[in-house]
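**Q** Would you mind keeping the following structure in view while I ask a few things?
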Amino acid sequence: MHKRLPPLNALRVFAAAARTENFMQAGESLFVTQGAVSRQIKQLEEWLGVPVFTRTHRGVQLTPAGRQLATAVDTAFQHIDTVVQNLQHHNLRQQLAINLPPTFATRWMAPRLPDFRRQFPHIDLSISTHDVHAPRDVRHCDCVIAFSDQAWADGDCSLLMVEQHVMLASPVLWVDAQPPRLEEATLLHITDGNVRMPMWEHWCAAQGLTEVNPKPGLSFSTLDQVINAALAGAGVAIVDEAMVPRELAAGSLRPLSDVKVAGPHGYWFVNLARDAESRALVGLFRDWLAGQFASA
């Protein structure tokens with residue numbers, strides 16, 4: 001009982017011979033002798049029970065059965081070649097899983113992703129924005145950018161950037177070219193879980209603003225929400241300057257003064273790579289980040 005398909009090597013030789021209708025040229029393309037080609041074709045014909053070439057003193061020509069088989073074999077080999085190339089290309093791709101603070105991801109990282117793709121087209125980033133405070137909080141990530149006032153005690157951490165706070169608001173709050181008075185303005189706050197972050201307390205202490213009550217106002221769970229509320233004219237915000245370069249350049253948010261206050265929080269790079277391949281990818285990503293911060 002015959003197998004469903006003839007020998008693969010015979011089909012490979014037949015495909016080469018069918019393209020040229022010349023056994024010698026087919027042998028040269030396969031680095032075998034003309035006699036070896038002839039033997040493989042004969043074996044194929046015996047398996048099929050029909051001739052695929054007619055042989056004359058001028059050479060060989062495909063028979064109708066041979067032309068039918070040549071079309072099928074050529075299509076099959078092209079399909080196999082496409083699948084193999086796709087598999088090889090897939091194997092060359094690498095994935096890096098990172099966790100970022102939400103506002104950092106949308107306002108700082110997202111505009112820079114095209115540059116990363118241009119430099120590392122073979123690396124696919126998987127970006128999450130979970131609330132994490134220690135390596136035990138992170139699963140299935142190769143690295144983390146953590147927002148904190150200090151390095152993680154049990155992590156491989158390095159400081160990327162300390163926040164540079166500016167006080168700003170929408171131009172709609174200016175009256176007669178004068179900024180809103182803090183004693184009368186609505187202050188916009190950000191919370192960390194259920195705890196309001198002391199952004200305004202830190203600012204007022206640094207500036208000696210004893211007449212301003214830093215507690216009342218509107219509170220939001222992300223800095224991005226605070227920025228959007230400020231854009232809508234809901235109040236005055238203290239934000240990291242690095243998160244609003246486009247708004248400052250466009251004038252949609254305006255500083256109330258030229259003062260900047262550093263920290264106390266910053267962005268820390270945490271290396272969680274567990275194997276050699278991950279360490280190599282994390283190294284590339286960390287170097288790219290360093291270049292982005294240096295040119296900002």
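**Q** Any residue at all in the stretch 273-293 that is assigned to a loop (DSSP other than H, G, I, E, B), at pLDDT below 90 and in contact with a helix residue (DSSP H, G or I) (Cβ under 6 Å, 6 or more places away or on another chain)?
**A** Within the stretch 273-293, one or more residues are assigned to a loop (DSSP other than H, G, I, E, B), at pLDDT below 90 and in contact with a helix residue (DSSP H, G or I) (Cβ under 6 Å, 6 or more places away or on another chain).
**Q** Here are some residues: 82, 56. Which one is more than 30 Å from residue 124 (Cα to Cα), modelled with pLDDT under 90 and among the polar types (S, T, N, Q)?
**A** 56
**Q** To continue, here is another question. Tell me, which residue of the stretch 176-194 that is closer than 14 Å to residue 231 by Cα and in contact with a helix residue (DSSP H, G or I) (Cβ under 6 Å, 6 or more places away or on another chain) is surrounded by the most Cβ atoms within 10 Å (Cβ to Cβ)?
**A** Among them, the one singled out is 188.
Yes or no, residue by residue, for (1) among the small types (Gly, Ala, Ser); (2) assigned to a loop (DSSP other than H, G, I, E, B):
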| site | (1), (2) |
| --- | --- |
| 140 | no, yes |
| 145 | no, no |
| 150 | no, yes |
| 153 | yes, yes |
| 157 | no, no |
| 163 | no, no |
| 172 | no, no |
| 184 | no, yes |
| 189 | no, no |
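**Q** When you look at residue 90, is it modelled with pLDDT under 85, assigned to a helix (DSSP H, G or I) and not aromatic (Phe, Trp, Tyr), yes or no?
**A** Here the answer is yes, as residue 90 does meet what is asked.
**Q** If you go through the stretch 31-55 one residue at a time, how many are hydrophobic (A, V, I, L, M, F, W, C) and at positive phi?
**A** Here the count works out to 1.
**Q** Condition test on residue 103, is it over 14 Å from the mean Cα position of the chain (by Cα), modelled with pLDDT of 90 or more and assigned to a strand (DSSP E or B)? Step through it out loud before you land on a result.
**A** Details: over 14 Å from the mean Cα position of the chain (by Cα): yes; modelled with pLDDT of 90 or more: yes; assigned to a strand (DSSP E or B): no.
Spelling it out, it is not the case that residue 103 is over 14 Å from the mean Cα position of the chain (by Cα), modelled with pLDDT of 90 or more and assigned to a strand (DSSP E or B).
**Q** Same structure, new question: Taking the stated definitions as given, is residue 116 within 14 Å of the chain's Cα centre (by Cα), within 23 Å of residue 157 (Cβ to Cβ), modelled with pLDDT of 90 or more and not in a strand (DSSP E or B)? Full working, then the answer.
**A** Numbers: within 14 Å of the chain's Cα centre (by Cα): yes; within 23 Å of residue 157 (Cβ to Cβ): yes; modelled with pLDDT of 90 or more: yes; not in a strand (DSSP E or B): yes.
In short, yes.
**Q** Tell me, which residue of the stretch 163-175 that is within 26 Å of residue 101 (Cα to Cα) and crowded, with 16+ Cβ neighbours inside 10 Å is modelled with the lowest pLDDT?
**A** 163
**Q** Give me the residue from the stretch 1-31 that is assigned by TED's automatic domain parsing to the domain that holds residue 48 and over 21 Å from residue 76 (Cβ atoms) and, out of that set, surrounded by the most Cβ atoms within 10 Å (Cβ to Cβ).
**A** 23
**Q** Among the residues of the stretch 267-288, write down those that are in contact with an Asp or Glu (Cβ under 6 Å, 6 or more places away or on another chain) and closer than 30 Å to residue 203 by Cα.
**A** none
The values are calculated or read from the model by the stated rules, or taken from the named source; none is laboratory data. Remember, it's a predicted structure, so these values are computed and weren't measured experimentally. Positions of Cβ are generated from backbone atoms using ideal geometry, with glycine treated the same way; all protein chains shown enter the neighbour counts.
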